[in-house]
Amino acid sequence: MRNPDNTPEPLFEVAEFGSFELFSPHVDATVWFFKDLLGMVETERSGDSVFLRGWEDPYKHTLKITERDTAGMGYAGWRTTSKQALERRVRAIEQTGLGRGWVEGECGVGAAYEFALPDGAVQRLNWEVDYYEPPEQAQSRLLNRVQRRPLTGVPIKAIDHLNLMAGDVTANKEFCAEVLGFRLSEHIVMSDDVEAGAWMRLQTRSHDVAFTKDATGVGGRLHHVAFLYGNSQHLNDACDVLTDHGLELEAGPAHHGISQAEFLYVFEPGGNRIELVGQLGYQVHDPSFEPITWKQDTLDNAIIWYGAPLPAEFDTYGTPNVLPTAYRTPNGYIAAEMRAIHGV
């Protein structure tokens with residue numbers, strides 16, 4: 001009989017992945033990608049940033065696109081379960097020495113505490129939010145739906161998860177578990193006992209954040225941010241639309257072994273890798289769930305359950321790019337093509 005009595009008391013003080021800042025050197029083309037092709041709803045512009053949300057995201061914004069010289073992430077935002085939980089997590093973070101202090105709220109997100117993960121990726125914790133209030137023409141007759149489904153592009157439902165490239169997977173995993181309360185769902189352990197990947201959850205989805213070994217050794221970079229369709233047909237429709245508008249599909253549609261989710265990877269015009277999730281993976285409702293360990297001799301089924309193999313550069317390309325030459329990124333000709341054809 002499985003005995004969970006020796007497991008640590010669960011910490012339920014961080015609730016969800018709530019917002020994300022994406023850097024783009026071609027911000028107009030990146031906004032066009034998310035608004036016109038993926039149907040996200042623009043809610044505000046401020047300075048060099050544009051704020052958007054998926055049509056089932058409850059908050060005023062979940063994606064912030066900011067103009068920068070290079071692609072990458074600004075920060076990942078996580079909402080706590082209460083104001084008191086936020087205060088407790090801030091104290092815990094400050095004890096690690098990785099805290100960076102409070103930052104002002106923006107576009108419906110209240111004041112947030114900023115900190116860094118062990119590899120340097122910037123994160124924020126917040127509690128206060130504004131909920132999206134759709135204009136009358138966007139209101140749904142379903143009272144439990146945030147808004148009516150948009151008729152632009154193939155609209156994604158919501159932000160889903162984050163994958164960060166790590167120089168030290170274990171250090172980031174342990175920080176998230178011990179300080180923030182993430183629980184390990186699955187991980188990859190190589191023959192030398194070094195962790196090459198860790199998929200971690202807050203509530204019941206298979207994972208909210210993943211750390212994968214950065215083959216360049218740098219760490220702290222964005223591998224991808226993911227958005228949810230939850231429907232295979234919508235994912236296929238997105239493939240059709242994205243391909244017809246000159247976007248580069250890196251891999252998929254296919255299914256992961258880890259998480260069991262259906263996926264598509266595409267480069268947005270700024271050069272960041274975006275994952276679109278068709279059928280969502282499994283849910284974890286078992287309170288004594290034991291993490292799944294994938295060993296080196298089982299990796300063929302871990303990342304790709306079925307579908308074409310991932311390209312070799314999948315483990316080395318992230319943003320900001322640190323390779324001598326950009327791997328198949330649309331930083332140049334795709335962005336130029338978008339401007340020429342679509343005026344963005």
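A short reminder: the numbers here are calculations on the coordinates, not readings from a lab. Here the structure is a predicted model, which is why all the values come from computation and not from measurement. Backbone-built Cβ (ideal geometry, glycine too); neighbour counts: all protein chains shown.
Some notes on this structure:
- Projected label points at GLU16 and VAL218, each 7 Å from Cα along the beta carbon direction, are separated by 3.2 nanometres.
- Working from Cα pairs under 8 Å separated by at least six residues, relative contact order for the stretch 133-205 is 18 percent.
- The stretch 170-221, relative contact order in percent, only Cα pairs under 8 angstrom and at least six apart counted: 26
- R0 of 56 Å, Cβ-Cβ distance VAL103-ASP297: FRET efficiency to nearest 0.05: 0.80
- DSSP beta bridge pairing in the stretch 9-342, given as percent antiparallel to the nearest 5: 70
- The chain: calculated mean residue ellipticity at 222 nm from DSSP helix runs of at least 4, using -39500 (n - 2.57): -4500 deg cm²/dmol
- Gaussian network model of the chain, Cα within-10 Å springs - most flexible of PRO311, PRO320, PRO155: PRO311
- Gain in span if fully extended, ASP192 to ASP69, counting 0.36 nm per residue against the direct Cα distance: 40.4 nm
- Calculated FRET efficiency for the pair GLN233/ASP130, C-beta based, R₀ 35 Å, to 0.05: 0.60
- Among LEU164, LEU151, LEU98, residue whose mean-square fluctuation peaks in a GNM of the chain (springs only between Cα atoms under 10 Å): LEU151
- Separation of the stretch 262-296 and the stretch 85-120, taken as the distance between their Cα centroids, equals 26 angstrom.
- Extension gain, SER140 to GLN283, is 48.7 nm, computed as 0.36 nm per intervening residue step minus the present C-alpha separation.
- In straight-distance terms, cross-link reach from LYS60 covers every one of the lysines whose alpha-carbon lies under 23 Å from its own, apart from those fewer than eight places away in the same chain; here that gives LYS35, LYS83, LYS157.
- Highest-MSF residue in the chain out of PHE267, PHE17, PHE314 [GNM, Cα springs under 10 Å]: PHE314
- SER82-GLU178 FRET efficiency (beta carbon distance; Förster radius 25 Å; 0.05 resolution): 0.80
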